[in-house]
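One structure below.
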Amino acid sequence: MSDAGSAVIIGAAGGIGAALADAIAADGRYRVVHRLARSASPPWQIDLTDEASVAAAAQHVQAAGVPPRLLVIATGLLHRGERRPERSPADLDPDWMAENFAINAIGPALVAKHFLPLMPRRGCTVFAALSARVGSIGDNRSGGWHSYRASKAALNQLIRSVAISETRRNDQAVVVALHPGTVDTPMSAPFQRSVPAGNLVTPAIAANNLLRVIEALTPAQTGRIFAWDGAEITP
């Protein structure tokens, strides 16, 4: 990837997002690293459930004068408070399902709407969103986690559609979904007991894994889903 331009990390206050921003800043190939998060102070604050907030964050990045060549959405909702992934259809709640879709699918769609026009029309660019293997329809053999699975499947479809549109604007653009594996963050904390030994990694390791995958991507791979080790995931 070119060393010109800036990098944008959305969700930079979270475990994976912060580690990604740190690793990218340490690498030094981008002139600016924008760290956007819901908990940040303006103008670095971004709330994926509020389009005005997404638009304002995009305007801030544009005003910096260094077009982004890398953007990673490192946000996601799996549980909150007493809310947990559903075990059966009987557990479905429309409000909780809507919240999953708002953060896991609609939010990234709004980011694409407001940030992709800021990315150059020539040369390699990467727009990536953290997804999850459980969002794969073809790989679903255990069921459950209905709202999370469905919202991540929607994200994966969105990535495919956005990739097609972005290729028409820049034939060197790459738009992908990435599965980071199971990472030791508050998001995975309630479910770590079932993780096989050796499969739980630190945010720093996850960030380095993801950056290796990003660095190896080519325009021919746009619109697809890749795991932390570079293996393609079935939609």
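The values are calculated or read from the model by the stated rules, or taken from the named source; none is laboratory data. Nothing here was measured: the structure is a model prediction, and the numbers come from that model. A quick note on method: Cβ atoms are made from the backbone with ideal geometry, for glycine too, and the neighbour counts reach across all protein chains shown. Accessible surface areas use protein heavy atoms only, side chains included; no ligands, DNA or RNA. Shrake-Rupley method; radii C 1.70, N 1.55, O 1.52, S 1.80 Å.
Filter the stretch 30-63 down to the residues that are open to solvent by less than 50 Å² (accessible area, probe 1.4 Å), in a loop (DSSP other than H, G, I, E, B) and touching a residue at least 12 places away in the same chain (Cβ under 8 Å) and list them by number.
Within the stretch 30-63, Tyr30, Ala40, Ile46, Leu48 qualify.
Mind listing whichever residues of the stretch 73-102 are open to solvent by less than 60 Å² (accessible area, probe 1.4 Å) and touching a Phe, Trp or Tyr at 6+ places or on another chain (Cβ under 8 Å)?
Of everything in the stretch 73-102, those that are open to solvent by less than 60 Å² (accessible area, probe 1.4 Å) and touching a Phe, Trp or Tyr at 6+ places or on another chain (Cβ under 8 Å) turn out to be Leu77, Leu78, Pro85, Glu86, Asn100.
All but one of (1) closer than 29 Å to Ala90 by Cβ; (2) assigned to a strand (DSSP E or B) hold for Phe226, so report the exception by its number.
Just one mismatch for Phe226, condition (1).
One residue is enough: does the stretch 219-232 have a residue meeting the conditions open to solvent by 30 Å² or more (accessible area, probe 1.4 Å), free of Cβ contacts under 8 Å to residues at least 12 places away in the same chain and of a type in the set (Asp, Glu)? Steps first, answer last, please.
We begin by selecting, within the stretch 219-232, every residue open to solvent by 30 Å² or more (accessible area, probe 1.4 Å); these are 219-221, 224, 228-232.
Narrowing further to those that are free of Cβ contacts under 8 Å to residues at least 12 places away in the same chain: 220, 231-232.
Now drop any that are not of a type in the set (Asp, Glu), which leaves 232.
Yes, the conditions are met somewhere in the stretch 219-232.
Going through the stretch 9-28 one residue at a time, which ones are buried (at least 24 other Cβ atoms within 10 Å of the Cβ) and part of a helix (DSSP H, G or I)?
Ile16, Gly17, Ala19, Leu20, Ala21
With Ser151, Ser165, Ser142 as the choices, which residue is at pLDDT 95 or above, of a type outside the set (Lys, Arg) and farther than 23 Å from Pro219 by Cα? Walk me through how you get there before you give the answer.
Numbers: Ser165 fails: farther than 23 Å from Pro219 by Cα; Ser142 fails: at pLDDT 95 or above.
Criteria check complete, one pass: Ser151.
Any idea which of (1) small (Gly, Ala, Ser); (2) over 29 Å from Arg83 (Cβ atoms); (3) surrounded by 14 or more Cβ atoms within 10 Å (Cβ to Cβ) is the one Ser165 doesn't satisfy?
Failed condition: (3).
Which residues, counting only those in the stretch 168-190, are more than 28 Å from Ala220 (Cα to Cα), open to solvent by 50 Å² or more (accessible area, probe 1.4 Å) and touching a residue at least 12 places away in the same chain (Cβ under 8 Å)?
Asp184, Pro186, Met187, Pro190
If only one of Leu78, Leu110 is under 20 Å from the mean Cα position of the chain (by Cα) and part of a loop (DSSP other than H, G, I, E, B), which one is it? Walk me through how you get there before you give the answer.
Numbers: Leu110 fails: part of a loop (DSSP other than H, G, I, E, B).
Matching residue, one of Leu78, Leu110: Leu78.
Checking the conditions here, which among Leu210, Leu200 is at pLDDT 95 or above and either open to solvent by 20 Å² or more (accessible area, probe 1.4 Å) or within 18 Å of the chain's Cα centre (by Cα) (or both)? Give the steps one after another, and end with the answer.
On the way: Leu200 fails: at pLDDT 95 or above.
Exactly one of Leu210, Leu200 is at pLDDT 95 or above and either open to solvent by 20 Å² or more (accessible area, probe 1.4 Å) or within 18 Å of the chain's Cα centre (by Cα) (or both), namely Leu210.
Out of the residues in the stretch 119-135 meeting the condition of being among the β-branched types (Val, Ile, Thr) and in a strand (DSSP E or B), tell me which one is farthest from Trp145 (Cα to Cα). Walk me through how you get there before you give the answer.
Here is the first cut: in the stretch 119-135, the ones among the β-branched types (Val, Ile, Thr) are 125-126, 134.
When the remaining residues are screened for being in a strand (DSSP E or B), the result is 125-126.
Values: Thr125: 33, Val126: 29 Å.
The residue in question is Thr125.
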